[in-house]
1. Sort out which residues of region A:38-67 are closer than 18 Å to residue A:95 by Cβ and hydrophobic (A, V, I, L, M, F, W, C), and write them in order of number.
2. Residue check: is residue B:28 small (Gly, Ala, Ser) and farther than 19 Å from residue B:136 by Cα?
3. Looking at A:144, A:159, which is the one that is closer than 30 Å to residue B:185 by Cβ and within 7 Å of chain B (Cβ to nearest Cβ)?
4. Just to verify a result, which residue in region A:131-166, among those that are assigned to a loop (DSSP other than H, G, I, E, B) and among the aliphatic types (A, V, I, L, M), is farthest from residue B:132 (Cα to Cα)?
5. Quickly run through region B:90-130 and pick out the residues that are under 17 Å from residue B:66 (Cβ atoms), assigned to a loop (DSSP other than H, G, I, E, B) and hydroxyl-bearing (Ser, Thr, Tyr).
6. Taking region A:15-33 only, how many residues are assigned to a loop (DSSP other than H, G, I, E, B) and in contact (Cβ under 8 Å) with a residue 12 or more places away in the chain?
7. Quick check on residue A:12: is it at the interface with chain B (Cβ under 7 Å from one of its Cβ atoms), assigned to a loop (DSSP other than H, G, I, E, B) and more than 14 Å from residue A:138 (Cβ to Cβ)?
8. Restricting to region A:136-175, count the residues that are crowded, with 22+ Cβ neighbours inside 10 Å, touching a Ser or Thr at 6+ places or on another chain (Cβ under 6 Å) and without any contact (Cβ under 8 Å) to a residue 24 or more places away in the chain.
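No lab work stands behind these numbers, since they all come straight from the coordinates. Just so you know, these numbers come straight off a predicted model, no measurement behind them. We place every Cβ from the backbone using ideal geometry, glycine too, and count neighbours over all the protein chains shown.
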Number of protein chains: 2
Amino acid sequence: MGKTAINGLPKTYYYYPLLVAVVGINTGKKKNLIPVVWHTALSFTPPLYAVSISPKRFSFKLILEAQAFSINFLSYEYMDLVDKLGSVSGRDVDKFSEFNLKYFIGECCEAPVLEDAYLTLECKLVDHLKTGDHTLFIGEVMRTYIEEDAFLKDSTLNTDRLDALLYLGNHIYITTDKTRRKSKKS
Amino acid sequence: MGKTAINGLPKTYYYYPLLVAVVGINTGKKKNLIPVVWHTALSFTPPLYAVSISPKRFSFKLILEAQAFSINFLSYEYMDLVDKLGSVSGRDVDKFSEFNLKYFIGECCEAPVLEDAYLTLECKLVDHLKTGDHTLFIGEVMRTYIEEDAFLKDSTLNTDRLDALLYLGNHIYITTDKTRRKSKKS
């Protein structure tokens, strides 16, 4: 073992792979989609889910305006779409029409729910917090949309039927190896 | 596609797999380790990294006391250890001696750095925020320890040499399929 110590944390992909999520926003006047990997659950009760977004992003103001957002999880086969969604700005194009995306407007918060997502969390914005050069948007999950086939009875992803989309950084994607799914339950 | 809509978000593993991290804490009097999957980067400048922990956990008070923590990333081969680390409480056992773990005390914040981790982020606690039934501990990464062999030149994980440890929920672990690493860089 040969460890190297570095001051601070340079801008790297060391702590990847991370599960990709596509944040959807609808202000009524504008809709947009932005892929993210800096996201996490924050609470079971109430169910809170948070996403970290830079103020440089077009979606930043849109979320504040909409006061809601959706988190859409797409499978590995959508990596081209996801990479393109991250490579253009909603300032320049309507990504929904540009990429011919099917969606419906969510039942609780009017956030876009992607038809091709195996899981969508529709969130009402409950707080936002400036953290360095990003802002953490905290949503309460009001409605969850699932493809039931995507999950096993214990609610874990059915990796025989569906490949999760993981991001390694630098436009590189990967998925899980279903032959190495191991249960440690005693 | 047949979507099912659910009110709120039940306690499930729908939004997994997630990369496992082992949080290390050292108050001077007590040391502990706790595996987590609710964690995310929050900023490049300054480098901020956050971890969500329930107040029921022994580590909760320890972090507040230590005002620092480490985030240790272990590879897939350590799944047994990680599962055990999550199955016992630091109230009952000293996990470092129980599991015979090699570590050193970090240079900036005296947080434990696991020798077997391919990446450790040593963080100074800069904020904490109650979010529902968990608390988000926000750390500034003061020091990063890496195994250089673990990463390629573009800082992405070298999946030919190292298998990331992903958690599917319900004590089930998985890793990536290196044969499906795809670059979308144009």
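1. Step one: of region A:38-67, the residues closer than 18 Å to residue A:95 by Cβ are A:51, A:53-54, A:56-63, A:65-66.
Answer for region A:38-67, where residues must be closer than 18 Å to residue A:95 by Cβ and hydrophobic (A, V, I, L, M, F, W, C): A:51, A:53, A:58, A:60, A:62, A:63, A:66.
2. On the way: small (Gly, Ala, Ser): yes; farther than 19 Å from residue B:136 by Cα: yes.
Taking the combined requirement at face value, the residue satisfies it.
3. Values: A:144 fails: closer than 30 Å to residue B:185 by Cβ.
Matching residue, one of A:144, A:159: A:159.
4. Going through region A:131-166, the residues assigned to a loop (DSSP other than H, G, I, E, B) turn out to be A:132-133, A:152-156, A:158-163, A:165.
With the extra rule that they be among the aliphatic types (A, V, I, L, M), the set shrinks to A:152, A:162, A:165.
On the way: A:152: 27, A:162: 31, A:165: 28 Å.
Among residues in region A:131-166 that are assigned to a loop (DSSP other than H, G, I, E, B) and among the aliphatic types (A, V, I, L, M), the one farthest from residue B:132 (Cα to Cα) is A:162.
5. If we filter region B:90-130 for residues that are under 17 Å from residue B:66 (Cβ atoms), which is where we start, we get B:90-91, B:94-96, B:103-114, B:120-128.
With assigned to a loop (DSSP other than H, G, I, E, B) added as a condition, the list becomes B:90-91, B:94, B:106-111.
Correct list: empty.
6. Within region A:15-33, the subset assigned to a loop (DSSP other than H, G, I, E, B) is A:15-17, A:20, A:27-30.
Okay, now just the ones that are also in contact (Cβ under 8 Å) with a residue 12 or more places away in the chain, so A:16-17, A:20, A:27-28, A:30.
Residues in region A:15-33 being assigned to a loop (DSSP other than H, G, I, E, B) and in contact (Cβ under 8 Å) with a residue 12 or more places away in the chain: 6 in total.
7. On the way: at the interface with chain B (Cβ under 7 Å from one of its Cβ atoms): yes; assigned to a loop (DSSP other than H, G, I, E, B): yes; more than 14 Å from residue A:138 (Cβ to Cβ): yes.
So residue A:12 fits the description; yes.
8. Looking only at that region, the number is 1.
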